[in-house]
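The values are calculated or read from the model by the stated rules, or taken from the named source; none is laboratory data. Predicted model only: the values in this text are computed from it and were never measured. Positions of Cβ are backbone-derived with ideal geometry, glycine not excepted, and every protein chain shown enters the neighbour counts. Just so you know, the surface numbers come from the protein's heavy atoms only, side chains and all, with ligands and any DNA or RNA stripped out. Shrake-Rupley method; radii C 1.70, N 1.55, O 1.52, S 1.80 Å.
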Number of protein chains: 4
Amino acid sequence: MATDNLSAVLYGINDLRLEQAPLPGEPGPNEVILESHTVGICGSDIHFLTEGRIGPFVLKDPIILGHESAATVVKVGPGVNNFKPGDRVAVEPQIPCRVCDPCKYGRYNMCPDTKFFATPPYNGSLTRYYAHAADFCFKLPDHVSYEEAALMEPLAVAIQASRRADIKIGDSVLIVGAGPIGMASVLVAKAFGASKVLVTDINARRVEDAQKLGAEFSYVLPRGADAEESANKINELMGGAPDVTLECTGAGPAVSLAIYAAKMGGVVCLVGMGSVPATVPLTYAITKELTLQTSLRYANCYPLALSLIADGKVDPKPMITHRFPLEKALDAFECVKRGDGVKVMIKCKE
Amino acid sequence: MATDNLSAVLYGINDLRLEQAPLPGEPGPNEVILESHTVGICGSDIHFLTEGRIGPFVLKDPIILGHESAATVVKVGPGVNNFKPGDRVAVEPQIPCRVCDPCKYGRYNMCPDTKFFATPPYNGSLTRYYAHAADFCFKLPDHVSYEEAALMEPLAVAIQASRRADIKIGDSVLIVGAGPIGMASVLVAKAFGASKVLVTDINARRVEDAQKLGAEFSYVLPRGADAEESANKINELMGGAPDVTLECTGAGPAVSLAIYAAKMGGVVCLVGMGSVPATVPLTYAITKELTLQTSLRYANCYPLALSLIADGKVDPKPMITHRFPLEKALDAFECVKRGDGVKVMIKCKE
Amino acid sequence: MATDNLSAVLYGINDLRLEQAPLPGEPGPNEVILESHTVGICGSDIHFLTEGRIGPFVLKDPIILGHESAATVVKVGPGVNNFKPGDRVAVEPQIPCRVCDPCKYGRYNMCPDTKFFATPPYNGSLTRYYAHAADFCFKLPDHVSYEEAALMEPLAVAIQASRRADIKIGDSVLIVGAGPIGMASVLVAKAFGASKVLVTDINARRVEDAQKLGAEFSYVLPRGADAEESANKINELMGGAPDVTLECTGAGPAVSLAIYAAKMGGVVCLVGMGSVPATVPLTYAITKELTLQTSLRYANCYPLALSLIADGKVDPKPMITHRFPLEKALDAFECVKRGDGVKVMIKCKE
Amino acid sequence: MATDNLSAVLYGINDLRLEQAPLPGEPGPNEVILESHTVGICGSDIHFLTEGRIGPFVLKDPIILGHESAATVVKVGPGVNNFKPGDRVAVEPQIPCRVCDPCKYGRYNMCPDTKFFATPPYNGSLTRYYAHAADFCFKLPDHVSYEEAALMEPLAVAIQASRRADIKIGDSVLIVGAGPIGMASVLVAKAFGASKVLVTDINARRVEDAQKLGAEFSYVLPRGADAEESANKINELMGGAPDVTLECTGAGPAVSLAIYAAKMGGVVCLVGMGSVPATVPLTYAITKELTLQTSLRYANCYPLALSLIADGKVDPKPMITHRFPLEKALDAFECVKRGDGVKVMIKCKE
């Protein structure tokens, strides 16, 4: 372990600095020390950068950003038998408390005390070295790359949503929103056995990119379009109303579209978070006895994300559009802020 | 079977007439002829009376009102072996098509072709005699009265909602709205094993009546109160956030209250239908990974409704506040329109 | 509709005759008249042929055999709007009563009064013409052949089992028995997203055939092998204990193998029926908190079977080894009795 | 904390000794030191006493017996905020590893590394003082006694079984076996809303005792009776086949009885463990498409057990037949070995 621990530290709104952070100490029981390799930039990183907060999570003291993480094990703590130095791993970016009710019920994504990477006051992985719980590291087979491992994070979001929405083989699936989560959802919905997928967004280029990942249909939403009319057009294109809709934008009109489009007895799963109260046709949802599911981060999704990549059932690599070394992390964030590309990767190790 | 078939026929908005309707013919296979005994008035009857429609269901030709029904078998069709003339029955007020996908999947409440009583163009049970499918009649034990049988309809609505919301033993349950469905929900939630129930409404008298049915807690909502503040007060009263909320009003602020009050990972089931789009804090629902369930009428709920009454697990009789003979059906409807009482019963047989 | 109605009629044990049967009359409501095209022979046909009974179903009067059916619509009854003469269909070989509890709950495969093809006293489809319920016919897209349609029956059995066993994406699946149902199960388990499938049988040729359908692993069981030892070998081959096992033989030692092999908390689904009580290590099942699921025929599985074939997700055609014209149906049955080939098809129309 | 730590230590088959054991050290994080108050004797304690093993768990070094435990908090470790010295608690007798897959999925009863009380090599609670994880202690309301708290253990077993069997309100439930687990199952099945419960056993006195706890029906099994005949008699008594059966004996003929008695589509949950392979009519289970569920210990069941007692929904106290001070623990074990009474309590604190 070198002594360099260059890190991307967020001090305040639009105040991101590259600087040396303290190196992690010796690993404790069930702990490993990781050398960070590849970290993807996520929309939530940008939110913290530009607004200093997301909902109740407010930046008070500086934190290291980054949570879509791939790394190499450099040290293992006492009792850690399934890892050895040199192992390449995908890193699930959280350590739940393990003792609260949700943790014991298996829904640790709802743990109120979970230490989630790059969410104040916890540090993320845009650094050289950090410590982590061994059971939240997942060993990569040789044929899975660090970049694929970093992309397991948005895949895990889509897997959680697909599980919450109970996508079953043969289902038709509508995906509203063609950002990174919408794109990951296209990949995952197909892998879950969706018979047909339609992806929609107001951004034509995004829709095109997302469809290339495997969606049978696409529809570019006209700005300001009536939600019910758009739903009808989507139903026509799909040859029927979708069994499941994954709503990946959080925008009120998008949720309305999802409700109007849904099949009798169908499921609409809300994945994307908007910032304000949404005005939506709930009565319409009741007349179709819909299930409006919601999905928050992920629990127990990394093993499947890894298996899907390792078995070749999903290929998320086309989502990557840019790469920067850690030393140019500030440029990487500027790139994402400008809306260039889809998924920007920062290489913490050359 | 007498020749009198006095019926309460709705001709148009606020145009309800008492007149003779055609008698039913001979019963076909799986059919029985019923002599109507007791019929409760439901809010949806009033909607058709005062507005001529509910959502897509528009009154075009006159229909007989009434769907909360108890009756006596007078004739049985060929192949009907489990009923004989004189049997007292509760009547599930629908005949689904039996061949569509939802019918075959067991969710016949979503059958697009179901013949639902008193929903245009189908007649209801405010009459002397009518035909019905034998398998939607449920034989009453001697100790269950016709009035209890008629009350099985709102109980079935509450059972469907409690099943959709998956109320489990030990759950804490919030019931928003203390009208007849809210009251039935108090009874059913307790029967489903709820450890504590809080009922809330803006109407203090209704809250009081509903609490008497078995709720441990109640809260009278101040008109115009902030939804989040009310939620906090309710959580304080309950000693924690509810596992399940049954929203029985359909009002936007009530749905918001339900979302604010809910426990991490909890369920909010929308039962009450409002008339306009609702503005609700969906982002908040996502941060708690709630399930926003909806519930539409009922399927396969009458057997449990009967068993709950027969076993003494629920006693819906206190909901009854008024009784009128069929000849005074117009007075009965006026009584409900004035908001007097809770559940008004019309006796089709003296 | 011609006047020829040549049919394969079973009169008694090993007494199958080719003879003219009465032509169907005019179709009633929700009914169609079908011209039989292709019918696969199933093990249960052979059971009736050689033993005159299966469990409680005893041949008393002659019946027409055959239930894996593809046909062409020749007439439609009143109210049948989704079919017209000339439509090519897969035929789900049953008409449940539609009024009993299981029918109304959506589990019509448990209907005690279902009219199941070629199960005494009901006729099957080894004939020229027969009547059927329109909603149990499924229109074939042009690119799906009659033979694929006939193979939807064993696929439906495997789909019901896979649903009952709740096979989820990423699961490892063990399939015990490599007869037609085991083979269909390999296809369906892979389509349901199984990450790896191992198929085992005592017959090496069958194991080889089944593996070719898409199983990653196979194991030929030594005759008389110890169930626990075999389970250990299978677990080694699979790189771990299976999440789900589909037991397609009904033999006691095979069920024991399934229980020994299963993962902690896993599912063993019993599909194959044996003839005698089985001696199995139930205590072992409890110490792993297994779910021993069972699966009976199918309900609501034909739509998915069709979708899987139409979308190219399963290709059951390699299961077909022999074809005979209806005129040579007796030869076809001899062929199956000899154990030649896998799936034998009878062409009712040249 | 006194210096006396008298404990009931098992040295080998029928070699139980009362002797001083080491006192626990200072509590670590999330740890409490407990003063043992009341401990019930369970069948598994007797198995270890008389056979030195249960399945794979073999006594090698001496262990302290006892796992049905109620205690008083005497010290709390760092970070334990919800307990203080003097708190009265029910003690869930296990500490799972918290990092394996089952732990993270919420099924920690399947954790291969769980430290379960009085299961080699882990000590139990028949002692004066011991350390435990704070989150596996449950604070008692003032009106819940230590004895009721100790009885939460068999209730937790019955709750796990009732959840695995998915007992729903209105279900009819058959309970096979009237030992302590069968008795707890009667209490819990009624609390879960069972409309009628029948309890059966070959021991007439036990059947009588169990029925008094709330079963509507009972049946004393004749020794050596035919399982199918007994099932028919039970179905007659219950007025139909049970929706759910909890099999609490582990005996092969009892499992057969459960399968014969079950309703089409019903559930049989295996709770009791037998010692040898069982011969059971699995084909019969398939023809009814039963679910043969199994249940192992418990996970997340103590909170409900406490709530059921605190709310007065179950009263397990009538199960207690004998009480002994810790100093007479050897007599207490002799009492259970003789088969006297039902539940014997040892008071670790006078």
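For A:ARG17, the point set 7 Å out from Cα toward Cβ sits 6.7, 8.6, 10.0 nm from its twins in the other copies, listed from shortest up. Averaged over the residues of peptide A:102-113, the number of Cβ atoms from other protein chains lying within 10 Å of each residue's Cβ is 5. Protein heavy-atom accessible surface, 1.4 Å probe, per residue over the protein assembly as shown: 36 Å².
Would you kindly find the accessible area of A:SER295, with a 1.4 Å probe and non-protein molecules such as ligands, DNA and RNA excluded, rounding to the nearest 10 Å²? Its heavy atoms expose roughly 10 Å² to the probe.
Taking all protein chains together and rolling a 1.4 Å probe, D:ARG88 ends up with roughly 60 Å² accessible.
Over 21 Å between Cα atoms, which of B:LYS115/B:LYS343; A:LYS75/A:LYS139; A:LYS139/A:LYS313; A:LYS190/A:LYS317 qualify?
On the way: B:LYS115/B:LYS343 24 Å; A:LYS75/A:LYS139 14 Å; A:LYS139/A:LYS313 18 Å; A:LYS190/A:LYS317 16 Å.
The pairs that break the limit, which is 21 Å between Cα atoms, are B:LYS115/B:LYS343.
Distance from the Cα centroid of segment A:172-228 to that of segment A:97-114 is 32 Å (rounded to whole angstrom). Only DSSP H runs of four or more residues enter the estimate; each adds -39500 (n - 2.57), and after division by the residues of chain B the mean residue ellipticity at 222 nm equals -8500 deg cm²/dmol.
Note on C:310-317: average number of Cβ atoms from other chains within 10 Å of each residue's Cβ is 1. Screening chain D for whole DSSP H helices of 15 Å or more along their axis (Cα) with average Kyte-Doolittle hydropathy at least 1.0 returns D:180-191.
For the rotational copies D and B, the chain D residue with its Cβ nearest the relating axis, together with that separation in Å, is D:GLY193, 3. The trypsin sites (Lys or Arg not before Pro) of segment B:6-87 that DSSP puts in a loop, and whose beta carbon has at most 13 other beta carbons within 10 Å, are B:LYS60. Inter-part distance, segment C:15-74 to segment B:1-79, computed on C-alpha centroids, equals 44 Å. Per residue of peptide B:39-52, the mean number of Cβ atoms on other chains within 10 Å of the residue Cβ is 0.
Each listed q (0.08, 0.14 Å⁻¹) maps to a log10 I(q)/I(0) for chain A, found by the Debye formula over equal Cα scatterers with no solvent: -0.38, -1.13. Dividing the convex hull volume of the alpha-carbon atoms in the protein assembly as shown by its residue count gives 178 Å³ per residue. Our Cα-only numbers for segment B:157-294 put the radius of gyration and Dmax at 12.9, 35 Å. Write down the Å³ per residue value for the convex hull defined by the alpha carbon atoms of segment B:113-219. Per residue, the Cα convex hull of segment B:113-219 comes to 155 Å³. Mind giving me the FRET efficiency for C:PHE217 and D:ASP113? R0 is 35 Å, r the Cβ-Cβ distance, nearest 0.05 is fine. So, using R0 = 35 Å, E works out to roughly 0.75. Across all C-alpha atoms in segment D:44-96, the radius of gyration and Dmax reach 15.3, 42 Å.
Shortest first, C:GLU350 label-point distances to identical copies amount to 7.9, 8.1, 10.3 nm, with the label point at 7 Å from Cα along Cα→Cβ. Give the residues of segment C:163-199 whose amide nitrogen is closer than 18 Å to a point set 7 Å from the Cα of C:ALA225 in the direction of its Cβ. C:173-179, C:182-183, C:197-199, by backbone N distance to the label point.
May I ask for the percentage of alpha-carbon pairs in segment A:264-350 that lie more than 17 Å from each other? Looking at segment A:264-350, the distances longer than 17 Å represent 71 percent of pairs. Inter-copy label distances for C:PRO121: 4.0, 7.1, 8.2 nm (label point placed 7 Å from Cα along Cα→Cβ; shortest first). Using a Förster distance of 35 Å, how high is the FRET efficiency between A:LYS337 and A:ASP61, based on the Cβ-Cβ distance and rounded to 0.05? Step by step, r from the Cβ atoms, then E = 0.90.
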